[in-house]
Each structure stands twice: as structure tokens, then as C-alpha cells.
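Asks: Provided herewith is a single structure, encoded as C-alpha cells, for subsequent inquiry.
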Amino acid sequence: GPHSVFPDEDTVSNAVVEEFLRVLDRAAQSHLTVDLLISPHYFPTWALEKYPHLNSCGGCFLKYCVDAPESREILERFLRHVIPQINTHPALHSICLTNEPIYRRSHECTFTQNMWQNWLEEQHCAIDVLNERYNAQYSSFVDVPIPVDDAEAEPLYYDWSVFNHERFAGWHQWMADIIHESAPALPVHAKIMMWMPFNRRYVTWGVDAELFSRLSQINGNDCVKLYP
């Protein structure tokens, strides 16, 4: 993850990349291929301390704002450092972008609030139209809140779910695009928890299997079977 490549603000370490290349060499000798989890959730602590606004978002393993320019700059540098060093190795099978991705806590984030307001305006065009659809009386799009609870059968929760799905899939697409710049044929995926798409309680948590399928070449999943 990025915290291993950037142990502090002024240092770039290649130790974990070299270690992984040795793993790939051993895999090739054993006629195996390897899927690499790039672990963006292992984010540098120094960056979270330097940019405290990054801490206003998250969910499960991911505990920082994915839309802030500071986090994206670090992730992009990480990907552009790692991928070109490994992408031609014959034992590299694919890239796992995230493990058990969830993005459910961002209602206090300025970036999210601005994106949410812009998205609502694009969808409804005028606040009067939104009010009619919501049966509400908001004065402007700025006044439309971000839900903080699990899904309710209301238009607000529907809109928030769609917005959050699109935003979180868009972040994954952004990482995939950077990877494919240097490795166009390298498959990518996200290891989503497969019970999430089938339970309406989690519809606001940012994971839409159909949107994820559009950015990936593998249907990544995190599954478990419990036998009686």
C-alpha cells in the first residue's frame, strides 16, 4: 500500500516492490500467477496528520476522503511508481483495487457536499422540481441534507444511494485508468462483499455491482459459505 512506498513525506521506498517481484519470481517457478491487492486503505499516517480534512470520510478499511486532491495525488504517485515495475512480469495475473470496499461516512466532507449539490442540480435542474419529487420545501440545493442513516424508502435516500454508487465506482475507475495507461491488458477488479448488493440495508454504502463490473475485467468478490 501507499504507506509502505511513502513511509514519510520525503522518502520513496522501493523495498516492498522488490519483495513482491521476488514473490512473482517464485510464483513463476511454481507455475502460478498472482493477483496483487494494491491496498489503498494502507494510507500514509503522515498524510492524514498533514491534511486532517482527509479524515472526514471512510468506511470499513478505507478511512480517508477519496475525492480530496491530496489523497488522489498520493495514490496516483503510488500507482505510477509501482505498476510500471511489475506489469510485464509473466506471473502477474491481475490487480485488486480494493478489499471489501465500503464508503458510507462522508456527510461531513466539504468535497462530498459540493459534489452532492452539483449532482442534485444536474438530476433535478431546479429546486422546485426536487421539492415536488421529494414532497419537500428546500430553499436551494445547498439545503438538501446528506443522509447519515441506513436506507429509508424515501426519494432522498434513493438519490444519495445513486450518487454515492457513482462517486465510489468513479474513484475505482480513476485508479483503473491510471493502471491501464502503463498496462492496458492488465485485468483489474475490486473484491466486494457479495452479500451487500442483495440487502437493501446497505444500499447507501457505495457499492453497486453493475457499476463495478463496468470498470473491471474480473467479477471480484469476497464470499463465505457457512455450513450447519
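The values are calculated or read from the model by the stated rules, or taken from the named source; none is laboratory data. Nothing here was measured: the structure is a model prediction, and the numbers come from that model. Neighbour counts are summed over all protein chains in view; Cβ atoms, including those assigned to glycine, are modelled from backbone coordinates with ideal geometry. Just the protein is used for accessible areas: all its heavy atoms, side chains included, with ligands, DNA and RNA removed. Shrake-Rupley method; radii C 1.70, N 1.55, O 1.52, S 1.80 Å.
Asks: In segment 52-77, which residues are open to solvent by less than 10 Å² (accessible area, probe 1.4 Å) and part of a helix (DSSP H, G or I)?
Replies: Correct list: Leu54, Ser71, Ile74, Leu75.
Asks: Does segment 106-118 contain any residue that is touching a residue at least 40 places away in the same chain (Cβ under 8 Å), part of a helix (DSSP H, G or I) and hydroxyl-bearing (Ser, Thr, Tyr)?
Replies: Taking every residue of segment 106-118 in turn, at least one turns out to be touching a residue at least 40 places away in the same chain (Cβ under 8 Å), part of a helix (DSSP H, G or I) and hydroxyl-bearing (Ser, Thr, Tyr).
Asks: Tell me, yes or no, whether segment 70-92 has at least one residue that is modelled with pLDDT of 95 or more, over 19 Å from Met175 (Cα atoms) and not small (Gly, Ala, Ser).
Replies: yes
Asks: Taking Cys96 and the conditions (1) outside any helix (DSSP H, G or I); (2) open to solvent by 20 Å² or more (accessible area, probe 1.4 Å), which numbered condition does it fall short on, given that it satisfies the others?
Replies: (2)
Asks: Looking at segment 1-21 only, could you name the residues that are assigned to a helix (DSSP H, G or I), open to solvent by 40 Å² or more (accessible area, probe 1.4 Å) and in contact (Cβ under 8 Å) with a residue 40 or more places away in the chain?
Replies: Passing the criteria: His3, Leu21.
Asks: Could you count how many residues in segment 58-87 are basic (Lys, Arg) and either over 20 Å from Val188 (Cβ atoms) or without any contact (Cβ under 8 Å) to a residue 60 or more places away in the chain (or both)?
Replies: Selection size over segment 58-87: 1.
Asks: Hey, could you check segment 186-207 for residues that are part of a strand (DSSP E or B) and β-branched (Val, Ile, Thr) and say which is modelled with the lowest pLDDT?
Replies: Taking the candidates together, the pick is Ile192.
Asks: Of all residues in segment 125-156, which are assigned to a helix (DSSP H, G or I), touching a residue at least 12 places away in the same chain (Cβ under 8 Å) and either surrounded by 15 or more Cβ atoms within 10 Å (Cβ to Cβ) or not β-branched (Val, Ile, Thr) (or both)?
Replies: Result: Ile127, Leu130, Arg133, Tyr134, Phe141, Pro155, Leu156.
Asks: Now for a separate question. Got a number for residues in segment 197-215 being in contact (Cβ under 8 Å) with a residue 60 or more places away in the chain and either open to solvent by 70 Å² or more (accessible area, probe 1.4 Å) or not aromatic (Phe, Trp, Tyr) (or both)?
Replies: 3
Asks: Scan Met175, Met194 and give me the residue that is touching a Cys at 6+ places or on another chain (Cβ under 6 Å) and of a type outside the set (Gly, Ala, Ser).
Replies: Met194
Asks: Are any residues in segment 22-36 closer than 26 Å to Glu100 by Cα and open to solvent by less than 60 Å² (accessible area, probe 1.4 Å), and if so, which ones?
Replies: Val23, Leu24, Ala27, Val34, Leu36
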